Amino acid sequence: MEISDENLRTLGGYLQQTLSPDVNVRRPAEKFLEGVEVNQNYPLLLLNLVHKPEVDMTIRVAGAVAFKNYIKRNWPVEEDQQDRIHKTDRDAIKNLIVTLMLTSPESIQKQLSDAISIIGKSDFPLKWPELITQMVEKFATGDFHVINGVLRTAHSLFKKYRYEFKSNELWTEIKYVLEKLAQPLTDLLVATMNLAQTHANDVNALKIIYNSLMLICKVFYSLNFQDLPEFFEDNMEVWMTNFHAMLTADVKCLQSTDAEEAGVMEQLKSQVCDNIALYAQKYDEEFCSYLPQFVTDVWSLLVGTGLEPKYDLLVSNALQFLSSVAERNQYRSLFEDNTVLSSICEKVIIPNMEFRDQELFEDNPEEYTRRDIEGSDVDTRRRAACDLVNTLSQHFEARIMEIFGQYLQVMLAKYAEDPKSNWRSKDAALYLVTSLVSRGGDAEARGEADQSPSGHQPVLPAADTTRAGKGGCERVAGSQGRRHQVHNDLPHGPAQGPGEGHHRPDRQTPDQRERRRAHLRRLRLRKKS
């Protein structure tokens, strides 16, 4: 296929037809494009069309999507498969696509960025070593539309490091990337933080700047996931100082006004919590001097964060960070004070124990119960609060039981006042009991498994209110290996969900929990990508 104005007009016409709601128009156009995509210059025609500003934006976006899907179908070549892309086209695409991506509108930029990631997965770094150099050079432009395009592509390209298994090939690739990117990324972080101060009164500029910071933090997480690079260990002060500044930043003009959708500040702080939790879990020896400050930062963040859904991921990540710190013996002193423990229980754990997934439970109660029993609801506030309770119970069991016993009585008394309106208080009390008891093997080995956290009033017999409450009790019964006992204590109402036959293992060691979290993160990241 020749790259000519006539062919570009023809291609644009067929792309427009693929958007038609009429299947008799759309399907023939899709068949035509599938038939001609094996021709030489077809992907270059698409890139030329996408880059023409005079072409209707709808057609340009359709062309970008078609190009990305073409790359996804054809770029990787199996050993026994014929290459459907001509070599000259492959070379031309790699020469053109980075510049085209960075000079395109954002809607097109995202599609071309994904295409670069697909190509990079096959070709980078061995067959495309110049990619990282081309990207890093763009940091010097000072144009944040271009810089964010580079960062978005880097995030898409490098996030595979979060879930790929260790190998010599992976180490070689990460080492090459760090040599090219680590110092420029650090310089960009410092420069961008300075710009945030310079443009403190410019809302539009701040949106772009803080979006850049969020992308920088995502790339940092990917580059540090497999192991602690020497460069980042040497420059930890720079990064941690700026992470502290991001966590404590109060940019009111960027706070989301939507109760459901997280804004850029919520997303940024959530990612910073992810980053420091990674360091607390995997590199605590090097990170230990920064921990007290970050525990204070995260504690203040949790206390000042509301219950709106837009904060859910932020709160979950913050709670997971506290759990990562609290489970290590050397940091017990950070939580030993009675006032600290009481505040954590009252201001952090109790508010986040409340039942929130009502929509999922009503639409699919079996799925809700399965996720609760298996512990796969890893990103929810409730699960993160449950993990923190379990962790604190290991070191401060007697005090935790005493503190929560008081709150259990308050919650059950509130429910008794108006059972119809205050059923959530009872549900939270039940979940708190199961969280305390599910510390499982450790307590049972010490002969303490039957200790009542409430101290006075039995809680389990009250579990007939909701099927969700019974599901939570089944979860703890499985973890204790005493399912038959608790099942007999529960009133026999409607049938249980299909998760009834499952049980959770005894309490895991910190290393086992870390491996489980890493596994769940890999599953989550694969799902997102």
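Each residue of segment 410-423 is assigned a 3J(HN,Hα), and the resulting list reads 5, 5, 5, 5, 5, 5, 5, 5, 8, x, 5, 8, 9, 5 Hz, derived from the Karplus form 6.51 cos²θ - 1.76 cosθ + 1.60 (θ = phi - 60°), x at Gly and Pro.
Working note: Karplus 6.51/-1.76/1.60 with θ = phi - 60° gives segment 80-96 the couplings 9, 10, 7, 6, 8, 10, 5, 4, 5, 5, 4, 5, 5, 4, 5, 6, 9 Hz, where Gly and Pro are set to x. The alpha carbons of segment 87-235 give a radius of gyration and a Dmax of 15.5, 51 Å, in that order.
About its Cα centre, segment 1-128 has a charge dipole of approximately 240 debye under the convention of +1 per Lys or Arg Cβ and -1 per Asp or Glu Cβ, with nothing else charged. Count the net charge of all other residues whose Cβ sits under 15 Å from the Cβ of residue 8, scoring Lys and Arg as +1 and Asp and Glu as -1. Every neighbour counted, the sum reads -2. The distance from the alpha carbon centre of segment 168-206 to that of segment 237-251 is 14 Å, rounded to a whole number. At 25 °C and a viscosity of 0.890 mPa s, what translational diffusion coefficient does Stokes-Einstein give for segment 232-297, taking Rh as the Kirkwood radius over Cα pairs? Give it in µm²/s as a whole number. The diffusion coefficient I find is 191 µm²/s. Any of 94/166; 110/180; 52/72; 72/94; 207/252; 68/175 with alpha carbons more than 18 Å apart? Name them for me. Long pairs (Cα-Cα over 18 Å): 94/166; 110/180; 52/72; 68/175.
Accessible-area rank, largest first, for 79, 137, 286: 79, 137, 286, with all protein chains present and a 1.4 angstrom probe. Based on the Kirkwood approach, the hydrodynamic radius assigned to segment 1-87 is 13.5 Å, with every pair of different Cα atoms included.
Taking the square roots of 5 times each eigenvalue of the Cα gyration tensor of segment 256-358, largest first, gives ellipsoid semi-axes of 24, 17, 11 Å. Each Lys and Arg Cβ is given +1 and each Asp and Glu Cβ -1; about its Cα centre, segment 254-298 then shows a dipole of about 140 debye.
Remark: relative contact order (segment 208-294) = 39 percent; criterion is Cα-Cα distance under 8 angstrom and separation of 6 or more residues. Neighbours of residue 259, meaning other residues whose beta-carbon lies under 9 angstrom from its beta-carbon, give a summed charge of -3 when Lys and Arg score +1 and Asp and Glu score -1. Distance between the C-alpha centres of segment 299-336 and segment 88-136: 39 Å, rounded to the whole angstrom.
Compare the Cα positions of 28, 44, 12 along the charge dipole of segment 1-48 (+1 at Cβ of Lys, Arg; -1 at Cβ of Asp, Glu; about the Cα centre) and return the one farthest towards the positive end. After comparing all options, I get 28. Note on segment 153-217: Cα convex hull, mean projected area over all directions, 4.9 nm². Note that segment 301-340 carries a Kirkwood radius of 11.4 Å, evaluated over its alpha carbons pair by pair. Dipole check for segment 92-244: with +1 at the C-beta of Lys and Arg, -1 at the C-beta of Asp and Glu, and the Cα centre as origin, the magnitude is about 540 Debye.
Taking a threshold of 29 Å on the Cα-Cα distance, which of the pairs 138/218; 218/426; 87/138 fall above it?
Details: 138/218 18 Å; 218/426 39 Å; 87/138 27 Å.
Violating the 29 Å Cα-Cα cut-off are 218/426.
The values are calculated or read from the model by the stated rules, or taken from the named source; none is laboratory data. Source: prediction; values computed, not measured. Reconstructed Cβ throughout: ideal geometry from the backbone, glycine too, with neighbour counts over all protein chains shown. Just so you know, the surface numbers come from the protein's heavy atoms only, side chains and all, with ligands and any DNA or RNA stripped out. Shrake-Rupley method; radii C 1.70, N 1.55, O 1.52, S 1.80 Å.
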